[in-house]
Amino acid sequence: MPVQPAGKGEALPFPDADLMYVVDLLAPPERDRYFRIRQFLQSSVRQQSIEYWNREEFPFGLLADLGKHGLGALQLDGSSTLFKGLMYVELARADVSLSALAGIHNELILGMISELGSEEQKARWLPGLKTFGQLGAFALTEPDHGSDIAGGLETSARRDGGEWVLNGAKRWIGAATIADFALVWARDVADGEIKGFIVETDTPGYAATRIANKIGLRIMQNADIVLEDVRIPAASLLPGATSFARTNDLLRDSRAWVGWQGAGIQLAAFDVARAYALNRRQFGRELAAFQLVQQQLADMLGNASASLALMAQLAQVQQDGKLEMVQAAMAKATVTRLARASVAMGRSLLGGNGISSDYEMGKLFGDAEILYTYEGSYEINSLIVGRAVTGRSAFH
Ligand SMILES: Cc1cc2nc3c(=O)[nH]c(=O)nc-3n(C[C@H](O)[C@H](O)[C@H](O)COP(=O)(O)OP(=O)(O)OC[C@H]3O[C@@H](n4cnc5c(N)ncnc54)[C@H](O)[C@@H]3O)c2cc1C
């Protein structure tokens with residue numbers, strides 16, 4: 001049966017591109033679950049997401065379905081590290097924004113509250129979060145501090161009797177306009193430490209404004225946040241987040257999550273490019289029959305397979321408790337570098353239609369740029385690896 005170009009006609013029949021049998025590393029129950037969820041994402045999420053992406057709208061209707069498939073609880077449901085990673089792959093293969101939402105939600109929100117929160121905070125938030133009935137935003141980056149946030153963070157927290165008073169600004173914060181609360185990182189004026197606070201988004205003094213006109217991750221609602229004398233109860237402080245060191249451990253794990261996204265976006269680009277090459281005819285032949293086109297498809301699949309295999313081994317390292325920042329940074333930098341190259345090949349393979357997000361490749365092309373930059377830019381992650389292998393820091 002001839003496949004249809006993405007964005008036109010019916011959804012693509014699913015081409016399996018896992019040549020290295022990474023999925024076979026899953027235990028049978030997780031493998032069955034993987035195929036069920038992949039089918040759902042390909043049939044019910046992928047095509048719909050193109051319109052939402054074009055309109056920069058969040059698909060609230062899809063959230064409940066993602067919750068029903070357990071994607072809001074991956075962090076806490078006993079899933080293996082590999083299964084969780086492959087879920088981020090398949091989410092990204094269907095839509096990168098939704099994989100970002102699920103990754104931030106699981107790694108940064110569920111992860112931080114379950115690891116660093118009080119029993120009261122866990123009881124208050126975890127049940128609703130696990131079904132995607134509630135959402136949290138992770139508010140670390142600031143307008144004047146991105147790469148140097150750990151040293152430069154300016155948002156302040158001042159203890160005033162039974163309350164904390166927060167002042168400052170945050171930038172690029174995912175889901176901040178639609179979330180129930182934001183996990184805000186602020187510097188305690190008393191001891192200079194960076195601490196984590198749960199700030200409900202209807203608290204007076206909290207204002208989030210959506211950032212429009214992004215070239216990627218257009219479904220994810222990123223926002224500028226202003227915090228002006230925001231008063232929150234003393235119990236809003238995460239008791240385990242009273243210095244940045246512990247938080248950094250969890251950020252190391254979330255860096256690995258972006259690597260999985262980078263593998264997923266390459267599989268998506270390969271799916272779209274292959275389908276297009278089989279359909280489009282020039283010079284009286286399918287594009288797929290030209291040697292240079294096959295070269296591009298082979299390079300894209302090679303990049304995707306190398307990324308997937310690297311991430312699968314990273315999952316093993318992580319599961320064994322041996323993951324250090326250098327490995328997470330190397331994987332994130334390497335996979336997102338390959339992802340950028342893969343979507344560029346895919347974009348050119350679709351010719352002029354690669355420029356229109358209606359054909360999906362343009363959407364992937366834009367989304368790859370975000371993976372390259374967030375959770376530590378490509379350059380910063382490279383510098384982390386450089387410091388580890390030379391013993392010399394080149395940050396300053
Ligand atoms: C779509 C999107 C979603 C995001 N979501 C969130 C979120 O939910 N929560 C959150 O807290 N943050 C979020 N971020 C922020 C993201 O983590 C930052 O954008 C990222 O850390 C880079 O910071 P910056 O944009 O301030 O760039 P800058 O730090 O200003 O860097 C600009 C450039 O300079 C380079 N650079 C900086 N320092 C050095 C150096 N020492 N040596 C060499 N090169 C250097 C960088 O690599 C980059 O290329 C998001 C960002 C985007 C774009």
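Side notes on the structure shown:
- Options 174, 168; residue that is among the small types (Gly, Ala, Ser), at positive phi and crowded, with 17+ Cβ neighbours inside 10 Å: 168
Here's the yes/no breakdown for (1) basic (Lys, Arg); (2) touching a residue at least 12 places away in the same chain (Cβ under 8 Å); (3) outside the structural domain of residue 300 (by TED's automatic domain parsing):
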| residue | (1), (2), (3) |
| --- | --- |
| 342 | no, yes, no |
| 347 | yes, yes, no |
| 352 | no, no, no |
| 355 | no, no, no |
| 374 | no, yes, no |
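- Across region 129-139, a minimum of one residue is classified as small (Gly, Ala, Ser) and touching a Ser or Thr at 6+ places or on another chain (Cβ under 9 Å).
- When restricted to residues that are within 16 Å of the ligand (Cβ to nearest atom), surrounded by fewer than 22 Cβ atoms within 10 Å (Cβ to Cβ) and of a type in the set (Ser, Thr, Tyr), region 232-267 contains 1.
- Residues that are surrounded by fewer than 19 Cβ atoms within 10 Å (Cβ to Cβ), of a type outside the set (D, E, K, R) and away from the ligand (no atom under 16 Å from the Cβ), drawn from region 346-377: 348, 351, 352, 355, 356
- Within the option set 57, 51, 30, being under 20 Å from residue 174 (Cα atoms), in a helix (DSSP H, G or I) and not aliphatic (A, V, I, L, M) holds for one residue only, 51.
- Helices (runs of 4 or more DSSP H) enclosed by region 320-396 - at least 3 residues per element that are over 24 Å from residue 152 (Cα atoms) and modelled with pLDDT of 95 or more: 325-349, 361-373
- Taking the listed residues 108, 126, the one that is crowded, with 24+ Cβ neighbours inside 10 Å and either modelled with pLDDT of 95 or more or touching a Ser or Thr at 6+ places or on another chain (Cβ under 6 Å) (or both) is 108, with no other qualifying.
- Reported count of residues in region 185-231, each being more than 30 Å from residue 366 (Cβ to Cβ) and either in the same structural domain as residue 110 (by TED's automatic domain parsing) or away from the ligand (no atom under 16 Å from the Cβ) (or both), is 15.
- Unique match (being under 30 Å from residue 76 (Cα atoms), under 19 Å from the mean Cα position of the chain (by Cα) and surrounded by 19 or more Cβ atoms within 10 Å (Cβ to Cβ)) among 146, 136: 136
- Scope region 149-177; condition within 8 Å of the ligand (Cβ to nearest atom) and touching a residue at least 60 places away in the same chain (Cβ under 8 Å); matching residues: 172, 174, 175
- Of all the numbered requirements in (1) modelled with pLDDT under 95; (2) crowded, with 21+ Cβ neighbours inside 10 Å, residue 103 misses one, and that requirement is (1).
- Where residue 324 falls short, out of the listed (1) surrounded by 24 or more Cβ atoms within 10 Å (Cβ to Cβ); (2) away from the ligand (no atom under 13 Å from the Cβ): (1)
- Scope region 68-92; condition buried (at least 17 other Cβ atoms within 10 Å of the Cβ) and part of a helix (DSSP H, G or I); matching residues: 81, 82, 83, 84, 85, 86, 87, 88, 89, 90, 91, 92
The values are calculated or read from the model by the stated rules, or taken from the named source; none is laboratory data. Not measured: the values here are computed from a predicted model. Positions of Cβ are backbone-derived with ideal geometry, glycine not excepted, and every protein chain shown enters the neighbour counts.
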